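So the structure is just underneath, and the comments pick up after that.
The values are calculated or read from the model by the stated rules, or taken from the named source; none is laboratory data. Fair warning: this is a prediction, and the values are worked out from it, not measured in the lab. Here the Cβ positions follow ideal geometry from the backbone for every residue, glycine too, while neighbour counts run over all protein chains shown.
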Amino acid sequence: METYLQITSIWGVYLTAFVFFAGMGVRIYQWATTPRSPVPFGMFPKPATRGGRIAAMLRDTFVAPHSAQIEPRMWTFAMLFHLAALAAFVGHLRLVQEYPVLPKLLGTEGMNSFAAWAGGIAGTLMMVAVLYWIGRRTFGAFKNLSVPEDYLLLGLLLGVIVMGNHMRFFGDVHAAEYRAWFQSLLLFRPHIPEEIMTSNVGWSLGTHMLFVDLFLMYFPFSKLVHAVGAFATNLTRSE
Amino acid sequence: MDAQALQTIVGVIDKRMTRQVKQYLDICARCAICKDACHQYVGTDDLTYLPARRAELIRQVYKKYFDSAGRLVPALYEARDPDDALLDELYTSCYACTGCRRCMYYCPFSIDTQQIVAIGKAMLIAVGRGQEMLGQLADAALFKGENVEMFRDVLVSGFKDIEAEVREITGDPEATIPVDKQGADILYVALAGAHSIRPAAVIFHEAGVDWTISLFEAANYGYFFGDPEKARLIAKRFMDEAKRLGVKEVVVPECGHAYRVAEIFYEAWAKEALPFKVSHILEVVDRLIKQGRITVEKGRIEGRVTYHDPCQIARNGGIYEQPRDVVRALTDDFVDLIPNRAEQWCCGGGGGIVAIDELRDVRLKSGSKKVEQLKASGASVLACPCENCRLQIEDLNEMHGLGLQVRQVIDLVVEAMPLPRSASAS
Ligand code: SF4
Ligand code: SF4
């Protein structure tokens, strides 16, 4: 157990952080150093001002109203996934630092059950969305459009979510212990607290982190760079 | 595929790559939201015509030669060499694409499949697999550009014939089609064929516009073929003419891509600012009606009239309202197609596909949405300001027995003008 956690949840995390940021850096550098087309690709109607263009880009990127119009179901699942992922991300910030106000208001018990509910809902929604995507891709009339990359990413994502949910629903370890582990990583004095190691979810943390590591290391080399690129391409829409 | 051809293809991708297209290739999620936006995929249910699939073929080669992950684990991206099978599918999917960019409108990342397809066409051209007919038409236009004196007499005598008709229609024996008129306000660049010249000449004459006609046509097969250099040179023929004559405005006819080439692309291609403005003929006609320089009467056009937005002047050119205002000036019974404007369905006839025999089948199938729209409108007259759209919709009209009159907008305008012989103007 200790070796497994050391690999996936300590050294794997450092390696992942390096690969992720370096990979994204290289990708953005490649984009930035490729000359733009001199021909404008924008479509009409176009906002007249720079502010208007940026507002339209943000709307198109975060809300994708046109996609909603043409395939509402896919849009709904995509929205659910991205919002739930955002909620999960915000939830995971507790690993860095406990929230300032909420725990005082709710008390330790209240905070734990709030986190259980919020995290549980987010985790469930993400899982449902990923399963929908796998189904749509596998059984849709356009299934031959997919390439292995698509399934690899969905598989890794499913692994991350299922193991996260397992810790959330079946674990009796709470945020404080996980925070001790994560803060130790940030301070470069990594260690895994005894409470996690001896709990029933030590191996789920290890496996959760294994999937997280693989997912984030692959991120910069996959289509997921849309997380950054979509801002640029949606701005091109109005150039 | 021999090594030489492979190298040529890879070189072309490298040369034609732009930041935007690189981003498109890198970020497409293969979510297939674009599938229902494309009239060809909707009309055929064939994966070849799914927008992201068209891009996928180019992406497969790009991944293999321009992406470290693709080089390392090609199987993950189905990255591969451009073999015969790939190039065959690429030919069909690229030359079938009408460049309507309806897929871009609905894509969550606004991916411009037309620009990716442009790289696909460049790959094909590089290894001698460009569409032959489009290539020949482009070369013919270039030949004419270089040898215009050879054509002058025939052209001028053609203009004289049309002039005679204009005199009859307007009842004015002095009406002319001015050629090479130095210092005219407008240079009208028509299409090959009297139909795009006669009604425009009538309108210009009645409005007292100081105009002159171009010796060249506005249609640009270099653009359809997929060779931006040829496209530039074809447009340059009349841009140079306009500069030489010192006109204030170049007016393109009812032809979608001609407008986009002249107004949106040309300055960037030629790396120069034009000393005159570029307008679509319907922008000018709208202006003339609103200024009261021509008179149109309602009631002369019978039946309900609807309007089709050609993709290249509407979604891709920004002209939505002027043609509608023109049509509304001609009739009280106007109804828009649904959806319309930026969401208008492509008719299926753009991108040069009407000139490609082997794609006739897909082209006709891809009109299914347009047919539905037209039927639902209950209109008996279609005002349609683009030659390619009209050719396609005429075919659909016949095939589906729609009983529609498919008309140029300027023909309808002339018909609504109180002239001695307006009824037979077209
Ligand atoms: S909608 Fe856009 S991102 Fe989705 S498959 Fe089509 S081109 Fe790719
Ligand atoms: S530009 Fe038009 S024809 Fe081409 S793939 Fe997109 S929707 Fe289809």
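Listed here are the residues, each with its yes/no results for (1) farther than 30 Å from B:ILE234 by Cα; (2) over 15 Å from the mean Cα position of the chain (by Cα); (3) crowded, with 20+ Cβ neighbours inside 10 Å.
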position: B:GLY256; (1), (2), (3): no, no, yes
position: B:PHE265; (1), (2), (3): no, no, yes
position: B:GLU272; (1), (2), (3): no, yes, no
position: B:PRO275; (1), (2), (3): no, yes, no
position: B:ARG287; (1), (2), (3): no, yes, no
position: B:ARG293; (1), (2), (3): yes, yes, no
position: B:ARG300; (1), (2), (3): yes, yes, no
position: B:THR306; (1), (2), (3): yes, yes, yes
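How many of the residues in segment B:370-391 are farther than 11 Å from B:ARG407 by Cα, surrounded by fewer than 24 Cβ atoms within 10 Å (Cβ to Cβ) and of a type outside the set (A, V, I, L, M)?
5
Among the residues of segment A:143-164, which ones are away from chain B (no Cβ under 14 Å) and either crowded, with 20+ Cβ neighbours inside 10 Å or farther than 25 Å from A:TRP203 by Cα (or both)? Quick ask: steps written out before the conclusion?
Applying the first criterion (away from chain B (no Cβ under 14 Å)) to segment A:143-164 yields A:158-164.
Passing the criteria: A:VAL160, A:ILE161, A:MET163, A:GLY164.
Answer yes if at least one residue in segment B:31-38 is within 14 Å of ligand 2 (Cβ to nearest atom), more than 7 Å from chain A (Cβ to nearest Cβ) and crowded, with 22+ Cβ neighbours inside 10 Å, and no otherwise.
Here is the first cut: in segment B:31-38, the ones within 14 Å of ligand 2 (Cβ to nearest atom) are B:32-38.
Next cut, more than 7 Å from chain A (Cβ to nearest Cβ) only: B:34, B:38.
Restricting the remaining residues to those that are crowded, with 22+ Cβ neighbours inside 10 Å gives B:34, B:38.
Yes.
Considering only residues of segment B:46-72 that are at the interface with chain A (Cβ under 9 Å from one of its Cβ atoms) and part of a loop (DSSP other than H, G, I, E, B), which is farthest from ligand 2 (Cβ to nearest atom)?
Ranking the qualifying residues of segment B:46-72, first place goes to B:ASP67.
Identify, by number, the condition in (1) of a type outside the set (Gly, Ala, Ser); (2) in contact with a Cys (Cβ under 7 Å, 6 or more places away or on another chain); (3) over 20 Å from A:TRP133 (Cβ atoms) that B:CYS34 doesn't meet.
(3)
Scan A:SER37, A:SER67, A:SER9 and give me the residue that is surrounded by 14 or more Cβ atoms within 10 Å (Cβ to Cβ), in contact with a helix residue (DSSP H, G or I) (Cβ under 6 Å, 6 or more places away or on another chain) and touching a residue at least 12 places away in the same chain (Cβ under 8 Å).
On the way: A:SER37 fails: touching a residue at least 12 places away in the same chain (Cβ under 8 Å); A:SER67 fails: touching a residue at least 12 places away in the same chain (Cβ under 8 Å).
Residue meeting the stated conditions: A:SER9.
Search segment A:168-188 for residues that are surrounded by 15 or more Cβ atoms within 10 Å (Cβ to Cβ) and pair each with any residue that is β-branched (Val, Ile, Thr) and in a loop (DSSP other than H, G, I, E, B) when their beta-carbon atoms are under 8 Å apart and the residues are at least 6 apart or on different chains.
The qualifying pairs are A:GLY171/A:VAL201; A:VAL173/A:VAL201; A:ARG179/A:VAL96; A:TRP181/A:ILE192; A:PHE182/A:VAL96.
Contact list please: Cβ distance under 6 Å, first residue in segment B:181-205 and more than 14 Å from B:GLN408 (Cα to Cα), second residue modelled with pLDDT under 95, pairs at least six apart or on different chains.
As it stands, the answer is none, since no pair meets every condition given.
Would segment A:104-112 turn up any residue that is outside any helix (DSSP H, G or I) and surrounded by 13 or more Cβ atoms within 10 Å (Cβ to Cβ)?
Going residue by residue through segment A:104-112, those that are outside any helix (DSSP H, G or I) are none.
Scanning segment A:104-112 turns up no residue that is outside any helix (DSSP H, G or I) and surrounded by 13 or more Cβ atoms within 10 Å (Cβ to Cβ).
Just checking, does segment A:88-100 include any residue being away from every other protein chain (no Cβ under 12 Å), among the basic types (Lys, Arg) and under 30 Å from B:GLU263 (Cα atoms)?
No; the residues of segment A:88-100 include none that is away from every other protein chain (no Cβ under 12 Å), among the basic types (Lys, Arg) and under 30 Å from B:GLU263 (Cα atoms).
Please identify the pairs in which a residue from segment B:1-27 that is within 14 Å of chain A (Cβ to nearest Cβ) has its Cβ atom under 6 Å from the Cβ atom of a residue that is of a type in the set (Gly, Ala, Ser), counting only partners at least 6 apart or on another chain.
Partner pairs satisfying both residue conditions: B:ARG16/B:ALA122; B:THR18/A:SER37; B:GLN20/A:SER37; B:GLN23/A:GLY229; B:GLN23/A:ALA232; B:ILE27/A:GLY229.
Which residue is nearest to B:ILE125 (Cα to Cα), if the candidates are limited to segment B:39-88 and must be β-branched (Val, Ile, Thr) and away from ligand 1 (no atom under 16 Å from the Cβ)? I'd like the intermediate steps shown before the answer.
Keep residues of segment B:39-88 that are β-branched (Val, Ile, Thr), which gives B:42, B:44, B:48, B:58, B:61, B:73.
Subsequent filtering for residues that are away from ligand 1 (no atom under 16 Å from the Cβ) retains B:44, B:61, B:73.
On the way: B:THR44: 26, B:VAL61: 16, B:VAL73: 29 Å.
Per the stated criteria, the residue is B:VAL61.
Give B:ALA118, B:ALA122 a once-over and let me know the one that is within 14 Å of chain A (Cβ to nearest Cβ), part of a helix (DSSP H, G or I), touching a Gly at 6+ places or on another chain (Cβ under 7 Å) and within 16 Å of ligand 1 (Cβ to nearest atom). Let's see the steps before the verdict.
Working: B:ALA122 fails: within 16 Å of ligand 1 (Cβ to nearest atom).
Going through B:ALA118, B:ALA122 in turn, just one is within 14 Å of chain A (Cβ to nearest Cβ), part of a helix (DSSP H, G or I), touching a Gly at 6+ places or on another chain (Cβ under 7 Å) and within 16 Å of ligand 1 (Cβ to nearest atom): B:ALA118.
Please determine, by comparing only the residues of segment B:85-134 that are of a type in the set (D, E, K, R) and within 9 Å of ligand 2 (Cβ to nearest atom), which one is farthest from B:TYR223 (Cα to Cα). Write out each step before concluding.
Just the residues of segment B:85-134 that are of a type in the set (D, E, K, R), to begin with: B:88-89, B:101-102, B:112, B:121, B:129, B:132.
From what is left, the residues that are within 9 Å of ligand 2 (Cβ to nearest atom) are B:101-102, B:112.
Details: B:ARG101: 15, B:ARG102: 19, B:ASP112: 16 Å.
Filtering first and then ranking leaves B:ARG102.
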